[in-house]
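Heads up, the thing below is written out as structure tokens.
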Amino acid sequence: MSDTKKIIRREYKFTGYVQGVGFRYRARHFADGLGITGWVMNEWDGSVLMQAQGTEAQLNELLTQINRGSYISIDRIEYKELPTEDTERSFHVRY
């Protein structure tokens, strides 16, 4: 399997003006369209945490699409690599 098709999982932490602006629903909409699995949720500190699984190209496109949000203003994105979850089949918003 070439690296362009390799499935990876990353946990992202977004800070900035990312809560109360449709961030989670935008992430779910684009993740579904791109075939990405995982989840997204608001954190107590005003950040948004997201775990996303797909190819690197899919994850990069997801970040591009989220960043195009009208009211979303991302100041910083931190991420770390995680083991993939083979049983995961969809992307959802966690509450």
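The values are calculated or read from the model by the stated rules, or taken from the named source; none is laboratory data. All of these numbers come straight from a predicted model, not from anything done at the bench. Neighbour counts are summed over all protein chains in view; Cβ atoms, including those assigned to glycine, are modelled from backbone coordinates with ideal geometry. To get the accessible areas, we keep the full protein, side chains included, count just its heavy atoms, and leave off ligands, DNA and RNA. Shrake-Rupley method; radii C 1.70, N 1.55, O 1.52, S 1.80 Å.
Pick from Glu56, Glu61, Glu11: which is closer than 14 Å to Ile77 by Cα and of a type in the set (D, E, K, R)?
The conditions single out Glu11.
Within the set of pairs 6+ apart or on separate chains, which have a first residue in region 71-85 that is in contact (Cβ under 8 Å) with a residue 24 or more places away in the chain, a second that is of a type in the set (Gly, Ala, Ser) and open to solvent by less than 60 Å² (accessible area, probe 1.4 Å), and C-beta atoms under 6 Å apart?
What qualifies is Ser73/Gly16; Ile74/Gly16; Asp75/Gly16.
So, Ala52, is that one in contact with a strand residue (DSSP E or B) (Cβ under 7 Å, 6 or more places away or on another chain), within 12 Å of Val93 (Cα to Cα), in contact (Cβ under 8 Å) with a residue 60 or more places away in the chain and among the aliphatic types (A, V, I, L, M) or not? Please lay out each step first, then the result.
On the way: in contact with a strand residue (DSSP E or B) (Cβ under 7 Å, 6 or more places away or on another chain): yes; within 12 Å of Val93 (Cα to Cα): yes; in contact (Cβ under 8 Å) with a residue 60 or more places away in the chain: no; among the aliphatic types (A, V, I, L, M): yes.
It is false that Ala52 is in contact with a strand residue (DSSP E or B) (Cβ under 7 Å, 6 or more places away or on another chain), within 12 Å of Val93 (Cα to Cα), in contact (Cβ under 8 Å) with a residue 60 or more places away in the chain and among the aliphatic types (A, V, I, L, M).
Please go through region 1-30 and pick out each residue that is under 14 Å from Gly69 (Cα atoms) and in contact with a strand residue (DSSP E or B) (Cβ under 6 Å, 6 or more places away or on another chain). Don't jump to the end; show me each part of the working.
Of region 1-30, the ones under 14 Å from Gly69 (Cα atoms) are 14, 16-30.
Matches in region 1-30: Phe14, Gly16, Tyr17, Val18, Gln19, Phe23, Arg24, Ala27, Arg28.
Assess whether Ser90 counts as being modelled with pLDDT of 95 or more and open to solvent by 50 Å² or more (accessible area, probe 1.4 Å).
For Ser90, the condition - modelled with pLDDT of 95 or more and open to solvent by 50 Å² or more (accessible area, probe 1.4 Å) - is met.
Sort out which residues of region 1-56 are open to solvent by 10 Å² or more (accessible area, probe 1.4 Å), within 18 Å of Glu85 (Cβ to Cβ) and assigned to a strand (DSSP E or B), and write them in order of number.
Listed by number, the residues that qualify are Ile8, Arg10, Glu11, Thr37, Trp39, Met41, Leu49, Gln51, Gln53.
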